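Report on the structure given below.
Read-outs throughout are calculated quantities, based only on the coordinates presented, and are distinct from any laboratory measurement. Just so it is clear, the model here is predicted, and its values are computed rather than measured. Cβ placement follows ideal geometry from the backbone for every residue including glycine, while neighbour counts extend to all protein chains displayed.
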Amino acid sequence: MLRLNAKTIFRWSFSLLAMVLLAPPSVPAADIGNCLLCHKYPGLSRIDEDGRLRLLFINEATMNSSVHARVKCEDCHTDIKKIPHDPAKKVDCLTQCHIVEPTSEQKFSHKEVARFLSKSVHGLKDRDQKPKKHPEDLPSCKDCHDNPLYRPLSIFKQKVHPGISKAALGRCRVCHKKDEFIYRFYNHVTTRLHKIRSPKNIAEICARCHDDAQLAARHGLSTKAVYSYGETFHGKAALFLDERVPDCLDCHVNPGRSVHQMLSYKDSNAITNENNKGLICANMDCHPGASPKLAEYRVHPEFDLERNPYQFYAQVFFLGMTGSVLLPIMGLLFLDLLRRMFPNASLRRRK
C-alpha cells in the first residue's frame, strides 16, 4: 500500500498548482484562464439536474476557427470565478465583450441586435406591442447561431470561392508584422463581406421551425415553406451547393438591413409585401432590370386548393393527363408481357 506523508502531499499539490498556473494556455487569445486544461478531453461530460447528458468538451481547432476565437471564455461565462467551478449558468448573449468597438470606443455588445430582433417578425411582441401567443416557439440567438466557422473570401481570376488570398495577406504585411493578427483580422473582415452560410445551410436552419407542422399550425404558417423552396430551381441549385442562388434571407430581408430586422409580409415596409416584392427579383445581384411581373412567380408553390388554387387545378389537370396516357400504355405492355410468357394461354375454352 502506498503511504503518503504530509511532505509528499504538499510537494505533489505544489507541483500540480504550478502546472495549472504556469502551463501555457492552449488558445493564446481566448483561453487566458486555461479552461482547456480540463475541457480539451473529448469524454468530459456530466448528468445535469434534469437527467440529461451534457457534453463539456471543447474542440480547440474548431474554437480557433470560429467567430468567437478571440473572445475570452470568462467574457461569456461571467459566473465562473474559481476552479474547479460550479455548474455554469446559461450564457447571456447580451453580455458586453472585452472587444472594443472602434467607432464608439466602448465594449461591444449584441444589445442593438436584440433591439432589431424585438421589432421583427421573430420578436416576442406584435406590432401593437402585445405579447404573442406561444413565445416558446420563437427563435433565440442560439437557435440560429451555432458558432459558425470563418469562411475567408478569396478572388482568383474573377471566380469567388472560399479560401485565403495570398495577395491580400501580402498587402497586410506592409504595415502589420504579426501573422497571427493578420490572419485573425483577415478572417474577421472577409467573413463579414459575404455569406457566412451557404443557401442550403440557411434553408436547413429555417426548416428547424418552419417545417415543424405543429409549430407552423400554432402560428398559422405554411407547413411546407422550406420544402416548397427546395422544389424550385433555386432550391435545386442550393441542394447542389451553388452559392449564387438566393436563399431565405435574400428574399425575406429588406436590402441593406440586418437579417434580424425581418418583417412579416403583412407589414407595408416589408420587401415581401405585395406592393414591394417586385424589387426582390430585380436587384443587381439577381435579375437586374427585370419586370415587377417576375415577382408574381410563386417561390413557395404548394399542392393546396386554398393557398394556391391555380397551381392546384393545373397540377390536377397534368396529373390526370399523364395518368390517362401512361396507364393504358402500361396496361398494354403488361398484356403483351403475359402473351409472351404464356403464348398458348386463353381465357376461353377450346372446343
Explain nothing, just the number: relative contact order of region 237-313, from Cα pairs under 8 Å at least 6 residues apart, as a whole percent.
15 percent
In whole angstrom, the spacing between the Cα centers of region 189-264 and region 44-111 equals 28 Å
Normalized C-alpha radius of gyration of the chain, against 2.2 N^0.38 Å?
1.45
For GLU296, placing the label point 7 angstrom along Cα-to-beta-carbon and taking region 216-247, residues whose amide nitrogen sits under 11 Å are none
Packing-based order for 181-187, 336-342, using average beta carbon neighbours within 10 Å, highest first:
181-187, 336-342
Suppose each label sits 7 Å from its Cα in the direction of the beta carbon; what would the HIS145-SER268 distance come out to in nanometres?
3.3 nm
When a footprinting reagent is the concern and you count Cβ atoms within 10 Å, what order do HIS234, HIS176 take, fewest first?
HIS176, HIS234
In Å, descending, principal axis extents of the Cα set of region 154-306:
64, 37, 30
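Rounded to the nearest whole Å³, what is the per residue volume of the convex hull around the Cα atoms of region 21-98? The partial results should precede the final answer.
Working: hull volume 8.6 nm³, N = 78.
In region 21-98, the Cα convex hull volume per residue is 110 Å³.
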Using 12 Å as the cut-off for backbone N distance, which residues of region 298-321 belong to the label zone defined by a point 7 Å from the Cα of TYR227 along Cα→Cβ?
302-304
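Please list, by residue number, every one of the GluC sites (Glu not before Pro) in region 247-351 that is coil in DSSP and has at most 16 other beta-carbon atoms within 10 Å. Walk me through the numbers on the way to the answer.
Details: sites: GLU274, GLU296, GLU302, GLU306; in loops: GLU274, GLU302, GLU306.
Passing both the DSSP loop test and the Cβ count: GLU274, GLU306.
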Calculated diffusion of region 180-268, Stokes-Einstein form, Kirkwood radius summed over Cα pairs, 4 °C and 1.567 mPa s, µm²/s:
88 µm²/s
Under 18 Å between alpha carbons, and skipping anything fewer than 8 positions from LYS81 in its own chain: which lysines qualify?
LYS72, LYS89, LYS90
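Could you work out the relative contact order of the chain? I mean the mean sequence separation of Cα pairs under 8 Å and 6+ apart, divided by the number of residues, in percent. Please list the in-between numbers first.
On the way: 340 pairs, mean separation 29.5, N = 351.
About 8 percent, as a whole number.
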What percent of all Cα-Cα pairs in region 239-351 falls in each 10 Å bin, counting up from 0?
11, 24, 22, 13, 11, 9, 7, 3, 0
